[in-house]
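Enquirer: So that we are looking at the same thing, I have put the structure below in structure tokens.
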Amino acid sequence: MQVKGTGIKTTKEFVKFHFADEYTNWINSLPIKSKKLYLVNTQFASWFPIQEAYIDPLDKIIELFYNGNHKEGANAIGRFSADYALKGIYKVFLLIASPQFLMKRASKIITTYYEPCEILISENGNKSIVLSIFKFDQINEALEYRIGAWCQRALELAHCKNVNYKIQKSLTKKDSVTEINFNWE
């Protein structure tokens, strides 16, 4: 499983923005392979092994800054990542898209960051959708929450109110799919 270099960039920016005084300590706490990736200028379009580039650094963020609370830490970084992406190169989607269209595009955006993965969005009603992840090697609880929070923030940026999400099924819990249900007012 691989992740695009943009994932490294947003993870670095998250720590710099929220924990600037602890950035060096966080870098130094990373496993050697991860630390090497985070000390160089990352090529955004390049692919990197997900464990070293994404999972280990995210786990350290959760350990150091969120007392091991996967949901809280992954939610914070997922929301930050959505702001980073959707207020930048993908902001046009927020101007022209219905929430359902936005989420269908978001599923395509997510698959451009992770390889290989298979994600499908299905409408569950006028103000709800289900994101289903069928294939995502090495997914863990923190990554599921990060994806859920990224999508939640994307819907908020598309002017949806009171957006909630719930992970109904989970690949990390040996279900055949991860299903994340979203609803809003």
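No value in this document is a laboratory result; all are computed from the given coordinates. Note that the structure is a prediction, hence the values are computed from the model and not measured. Here the Cβ is made from the backbone with ideal geometry for all residues, glycine too, and neighbour counts use every protein chain on show.
Enquirer: For an R0 of 35 angstrom, estimate the FRET efficiency from the Cβ-Cβ distance between residue 168 and residue 115 and round to the nearest 0.05.
Expert: Working: r = 25 Å, r/R0 = 0.72.
Efficiency at R0 = 35 Å is approximately 0.90.
Enquirer: If I fit a long axis through the Cα atoms of helix 141-157 and take the longest principal axis of the Cα atoms of the chain, what angle between them do I get, 0 to 90°, rounded to 10?
Expert: Relative to the chain, helix 141-157 is tipped by roughly 60 degrees.
Enquirer: For the chain, set up a Gaussian network in which alpha carbons nearer than 10 Å are linked by springs, and say which option among 120, 58, 131 fluctuates the most.
Expert: 120
Enquirer: Quick one, which of (1) 1.28; (2) 1.14; (3) 0.95 is the actual Rg/Rh (Cα atoms, Kirkwood Rh) calculated for this model?
Expert: Of the listed options (1) 1.28; (2) 1.14; (3) 0.95, (3) comes from this structure.
Enquirer: Okay, moving on. List the residues whose amide H sits under 5 Å from the amide H of residue 2, counting only those 5 or more places along or on another chain, with H placed 1.01 Å from N in the peptide plane.
Expert: The list, which skips near neighbours in sequence, is 50, 115.
Enquirer: Over the C-alpha atoms of the range 2-80, what are the Rg and the largest Cα-to-Cα span, Dmax, in Å?
Expert: That works out to 11.4, 32 Å for Rg and Dmax.
Enquirer: So for the range 97-183, Kirkwood radius off the Cα pairs, Stokes-Einstein at 4 °C and 1.567 mPa s: how many µm² s⁻¹?
Expert: The calculation lands on 101 µm²/s.
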